[in-house]
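A.B. asks: Sharing a structure below in structure tokens format, with a few things to ask.
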């Protein structure tokens with residue numbers, strides 16, 4: 001089996017939509033879900049049968065051509081993304097019946113393109129190819145956020161598009177400088193040649209890469225626009241932004257950092273950037289009343305935490321980072337998907353929605369997800385946070401430790417505020433229950449959170465291998481360059 | 001007076017900020033002018049000789065880095081239907097349209113086939129000379145634009161464009177997958193190609209075929225974009 | 001000769017771009033931004049990149065200005 | 001005198017310096033426009049100028065004086081002494097992508113203006129509390 005299918009088949013699906021449209025609106029919806037389910041099964045099968053990294057050559061062998069690399073860490077992301085997108089699509093099958101989008105056929109194309117580009121970002125080993133997938137992901141995300149064509153949505157799409165265009169200019173600039181000074185686009189060759197460059201040029205390239213990717217990975221101070229996007233877009237779309245797109249950008253960013261810029265000064269800078277980012281996001285989140293905006297700030301905080309975890313550049317902290325990433329993706333998927341249904345039902349996006357809400361099922365799973373984000377023991381978020389704090393404490397970075405604990409405390413304030421709202425003794429409306437399929441989706445995701453929390457040893461080997469592969473630059477180079 | 005002062009502070013601060021940024025970048029760039037080094041491009045030029053394609057940029061775009069081009073086509077595809085999504089109009093009347101004069105209509109009708117011919121030429125000879133699918137496709141779209149501007153009744157058949165677009169998109173990926181099966185690499189050149197055929201219209205294996213497919217795809221996407229943009233203007 | 005032509009074109013393109021940006025009248029700004037694209041085409045030809053020049057001429061300058069003009073028709077003047 | 005200047009300008013290093021100065025000047029104009037202008041069309045024009053500046057910088061610095069365009073012609077029958085084709089291919093891709101994003105942005109802006117009557121970035125405040 002080959003990893004190219006993860007990119008080629010969604011693209012093929014997108015191009016071939018007019019054919020599927022012949023079978024009516026359901027034709028597209030069901031064939032899209034079928035495609036995603038088969039991709040998920042394919043990723044499982046690849047994972048089970050994979051005994052070493054698979055390198056997939058496109059047209060000509062690297063370093064001249066483009067190759068897709070499927071190793072232990074990228075299979076983790078491929079499985080995660082296909083799973084989340086499948087869950088989202090299944091949820092949407094029922095959601096769309098209550099709120100028909102104008103052209104829902106196109107919605108499935110966008111989701112598939114998003115999936116293809118997120119996987120492409122993770123697998124690609126060529127920096128210009130990464131730029132192309134960066135643009136595909138970007139352009140599908142712009143359209144998704146403007147999809148409803150309300151003033152808010154259009155404003156969000158427009159702001160997203162302008163920041164994205166600026167980010168891509170800086171990314172092209174960085175790629176141009178890399179090519180001019182190293183004469184190659186292959187990640188492994190760049191990483192070998194990068195240390196020999198003049199320090200000025202290195203600084204410039206890393207600055208441009210930081211601006212280009214920083215605008216996309218939602219890191220302080222380049223994240224001023226993010227909350228507007230989350231608020232303007234649909235809650236259902238936010239689930240994909242928060243759980244899939246940002247995670248793909250984060251992986252690529254840190255992959256590039258490990259390959260090109262493993263300098264202590266630079267990563268220390270990223271470390272404190274992440275901590276400050278988290279602290280600021282959590283403080284600002286306290287005052288928010290709009291739910292989408294509030295959870296957007298919570299996402300920013302978690303991205304800060306992930307920045308801290310990945311910038312430590314140790315296998316333990318990267319393991320912690322992968323756990324946090326997994327837990328955050330699952331929890332945010334649950335929260336935003338349930339919010340999508342709740343907004344639909346109660347026609348308001350304010351925090352007081354939780355006072356009116358009358359659905360024990362939704363209340364319980366949202367509480368579980370929030371507690372997991374907070375890092376309560378026996379839930380998925382705890383494992384990562386615990387490992388991270390432990391590794392920070394071992395490194396002796398006590399200021400950082402203090403910052404993170406402070407941020408977590410602030411985080412807990414607004415989560416418990418929400419939980420308080422949920423249990424307030426106010427007049428509640430009629431009982432609201434979801435369809436079976438939606439319940440099943442949310443339940444699967446929540447069970448994932450609980451299962452990882454109770455029994456992290458089930459996946460600990462896999463994640464530990466993944467993190468050691470992620471930081472192992474030498475074997476990545478050998479894999480990529482030894483192929484010809 | 002007050003407003004004027006406000007404008008000048010914005011201008012001044014943005015001027016200073018961008019000047020500072022650009023000067024920093026400039027000083028670094030000027031101190032490190034890149035020297036000519038042996039790059040991946042030179043190796044690709046050497047490999048080019050056994051492709052039977054005269055234009056090395058075409059080989060790089062379509063074959064060596066064909067995966068980028070597939071992504072680029074996807075970007076164009078998504079953008080085109082995003083624009084369609086945004087600008088689809090409910091009414092189709094042309095009430096406010098100014099009637100174009102006779103000379104413009106005649107000129108457009110005369111020019112239309114010539115521009116289409118030129119577009120097809122640029123598209124099909126992309127592997128032998130300057131040009132290719134992207135440029136040829138856009139030239140064809142510009143012919144469509146000319147007809148839109150000049151004629152009141154010109155309307156692209158959505159169905160035909162859709163069929164062309166779908167056909168082109170599917171066959172691009174399919175050629176890639178056939179390459180995966182036949183020569184064991186996605187978008188691999190599975191048709192016979194060597195330098196002795198150079199100059200023939202069908203030299204270079206899959207290269208001209210893919211570029212023509214790209215041309216069809218780009219031409220139909222661009223025509224759709226043009227139509228969406230112009231139709232919007234008819235309706236308000 | 002190429003050095004002098006380059007210098008001249010670069011000065012021209014910067015001046016055109018600056019006028020385009022600071023121009024209060026939008027139609028003029030759009031026409032001038034077309035000028036920037038055309039100057040870029042000249043530069044690409046000088047740099048022996050005919051493919052890029054053709055693409056920039058057709059896509060960047062051609063379709064790009066069409067899109068700006070459409071936008072102008074709908075978005076209205078600067079206030 | 002004039003010949004001296006011409007010869008000076010034709011040196012490879014000087015050409016590269018001119019390219020860097022010129023394209024960064026253009027980049028400065030674009031960045032300045034992006035920061036100072038608020039009308040949506042002006043913002044897109046500024047972004048376009050910045051893009052073109054980067055493209056010119058890349059193509060210009062990868063260009064070697066005396067080498068030909070990377071294609072066979074009447075006088076060239078083999079692939080030697082040619083400019084690097086990869087930057088050309090990359091910029092070709094980037095131009096098309098840039099145009100697609102621009103067209104999409106304009107279509108958002110048109111639709112937004114139709115709904116709200118706002119066409120300046122600083123007026124866009126649907127989400128301010």
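Bear in mind these aren't lab numbers, they're just calculated from the coordinates by the rules spelled out. Every value quoted in this text rests on a predicted model; they were computed, and no experiment measured them. Backbone-built Cβ (ideal geometry, glycine too); neighbour counts: all protein chains shown.
A.B. asks: Which of rounded, prolate, oblate describes region A:250-291, given a ≥ b ≥ c as roots of the alpha-carbon gyration tensor eigenvalues and a/c under 1.5 marking rounded, otherwise prolate only if a/b is larger than b/c?
C.D. replies: oblate
A.B. asks: Report the calculated FRET efficiency for residue B:13 and residue A:394 (r = Cβ-Cβ distance, R0 = 51 Å), to the nearest 0.05.
C.D. replies: E(calc), rounded to 0.05, equals 0.65.
A.B. asks: Which of the three applies to the protein assembly as shown, rounded, prolate or oblate, going by the alpha-carbon gyration tensor with a ≥ b ≥ c and a/c under 1.5 meaning rounded?
C.D. replies: Taking the square roots of the gyration eigenvalues as a ≥ b ≥ c, the protein assembly as shown is rounded.
A.B. asks: Relative contact order for chain A: what percent, with Cα pairs under 8 Å and sequence separation of 6 or more?
C.D. replies: 17
A.B. asks: How far is the Cα center of region D:60-129 from the Cα center of region A:170-210, in Å?
C.D. replies: Here the answer is 21 Å between Cα centres.
A.B. asks: If we count other beta carbons within 10 Å of each Cβ, what is the order of B:158, A:181, fewest first?
C.D. replies: Least crowded to most crowded, the residues run B:158, A:181.
A.B. asks: Give the calculated FRET efficiency between residue B:182 and residue B:117 to the nearest 0.05, with a Förster radius of 45 Å applied to their Cβ-Cβ distance.
C.D. replies: 0.85
A.B. asks: Want the number for residue A:225 to residue A:199: 0.36 nm per residue separation, take away the alpha-carbon distance, what's left?
C.D. replies: Extra length available between residue A:225 and residue A:199 comes to 6.2 nm.
A.B. asks: Only Cα pairs under 8 Å and at least 6 apart count here; give the relative contact order of chain B as a rounded whole percent.
C.D. replies: In percent, rounded to a whole number, it is 30.
A.B. asks: For a footprinting-style exposure proxy, rank B:9, B:124 by other Cβ within 10 Å, fewest first.
C.D. replies: Ordered from fewest to most neighbouring Cβ atoms within 10 Å, B:9, B:124 come out as B:9, B:124.
A.B. asks: Take the eigenvalues of the Cα gyration tensor for region A:111-257, scale each by 5, and report the square roots as semi-axes in whole Å, largest first.
C.D. replies: Working from the Cα gyration tensor, I get semi-axes of 29, 15, 11 Å.
A.B. asks: How much mean residue ellipticity at 222 nm does the protein assembly as shown get from its helices, if each DSSP H run of length 4 or more adds -39500 (n - 2.57) and you divide by all residues, to the nearest 500 deg cm²/dmol?
C.D. replies: Helix-only estimate at 222 nm: -25000 deg cm²/dmol.
A.B. asks: For region C:2-75, what's the relative contact order in percent, using C-alpha pairs closer than 8 Å and at least 6 residues apart?
C.D. replies: Reported as a whole number, the value is 29 percent.
A.B. asks: So how far apart, in nm, are the two label points at residue C:31 and residue A:475 if each is 7 Å from Cα heading toward Cβ?
C.D. replies: Distance between the two pseudo-spin positions: 6.5 nm.
A.B. asks: Something else: Using 7 Å Cα-to-Cβ label points, what is the residue B:106/residue D:80 separation (nm, one decimal)?
C.D. replies: 5.8
A.B. asks: Normalise the Cα radius of gyration of region C:9-71 by 2.2 N^0.38 Å (N = residues in it) and let me know the number.
C.D. replies: Working it through for region C:9-71, the quotient is 1.11.
A.B. asks: Using only Cα positions of chain A, each an equal point scatterer, no hydration layer, compute I(q)/I(0) via Debye at q = 0.08 Å⁻¹ and quote the log10 values to two decimals.
C.D. replies: These q points yield log10 I(q)/I(0) values of -0.44.
A.B. asks: Taking the Cα-to-Cβ direction at residue B:157 and at residue A:421 and moving 7 Å from each Cα, how far apart do the two end points lie in nm?
C.D. replies: Spacing of the two 7 Å Cα→Cβ label points: 5.6 nm.
A.B. asks: How long is the gain from residue A:465 to residue A:269 if the chain were fully straight, where each residue apart is worth 0.36 nm and the alpha carbon distance is subtracted?
C.D. replies: Result for the pair: 67.9 nm of gain on full extension.
A.B. asks: Using the C-alpha gyration tensor of region B:13-159, what are the square roots of 5 times its eigenvalues, in whole angstrom, with the largest one first?
C.D. replies: Equivalent ellipsoid of region B:13-159: 40, 27, 17 Å, largest first.
A.B. asks: A further question follows. Counting partner chain Cβ atoms within 10 Å of every residue's Cβ in D:15-21, what's the average?
C.D. replies: 6
A.B. asks: In addition: When a/c is below 1.5 the answer is rounded, else prolate if a/b is larger than b/c, else oblate, so apply that to region A:328-484 with a ≥ b ≥ c taken from the square roots of the Cα gyration tensor eigenvalues.
C.D. replies: prolate
A.B. asks: If you average 1/r over every pair of different alpha-carbon atoms in region B:125-218 and take one over that average, what Kirkwood value in Å do you get?
C.D. replies: Hydrodynamic radius (Kirkwood, Cα only) of region B:125-218 equals 14.9 Å.
A.B. asks: Sticking with this structure for a sec: In whole Å, what three semi-axes, largest first, describe the equivalent ellipsoid of region A:314-413 built from its Cα gyration tensor (square root of 5 times each eigenvalue)?
C.D. replies: Over the Cα atoms of region A:314-413, the ellipsoid semi-axes are 31, 14, 10 Å.
A.B. asks: As an exercise, use a Förster radius of 30 Å and the Cβ-Cβ distance of residue A:447 and residue A:23 to find the FRET efficiency, rounded to the nearest 0.05.
C.D. replies: My answer for the efficiency is 0.35.
A.B. asks: Right, another one. Just report the Cα centroid separation between region C:35-76 and region B:116-173, whole Å.
C.D. replies: Region C:35-76 and region B:116-173 have Cα centres spaced 18 Å from each other.
A.B. asks: Something else now. Tally the DSSP beta bridges in the protein assembly as shown and give the antiparallel ones as a percent, rounded to 5.
C.D. replies: About 85 percent, rounded to the nearest 5.
A.B. asks: Also: Counting only other chains, and only Cβ atoms inside 10 Å, what mean value do you get across the residues of B:172-183?
C.D. replies: What the average comes to for B:172-183 is 3.
A.B. asks: At a temperature of 37 °C and a viscosity of 0.692 mPa s, determine how fast region A:394-484 diffuses translationally according to Stokes-Einstein, using the Kirkwood radius over alpha-carbon pairs as Rh; express D in µm²/s, rounded to the nearest whole number.
C.D. replies: Diffusion coefficient, whole number: 175 µm²/s.
A.B. asks: So if I take the centroid of the Cα atoms in region A:254-319 and the same for region A:343-370, what is the distance between those two points in Å?
C.D. replies: Going from one Cα centre to the other spans 28 Å.
A.B. asks: Peptides D:53-65, B:27-39: what's the order by average Cβ count within 10 Å, highest mean first?
C.D. replies: The packing order, highest mean first, is D:53-65, B:27-39.
A.B. asks: To make sure I understand, if each residue's beta carbon is the centre and we count other beta carbons within 10 Å, what order do A:56, D:51, A:104 fall in, fewest to most?
C.D. replies: Taking fewest neighbouring Cβ atoms as first place, the list is A:104, A:56, D:51.
A.B. asks: Just counting partner chain Cβ atoms within 10 Å, what average do the residues of peptide A:147-160 show around their Cβ?
C.D. replies: 6
A.B. asks: Counting only Cα atoms, I'd like the Rg/Rh figure for region A:165-238, Kirkwood definition for Rh.
C.D. replies: 1.12
A.B. asks: With 10 Å bins from zero, work out the P(r) of region A:204-350 over every alpha carbon pair and list the percent per bin.
C.D. replies: Calculated over all Cα pairs of region A:204-350, the distribution is 12, 43, 31, 11, 2, 0 percent.
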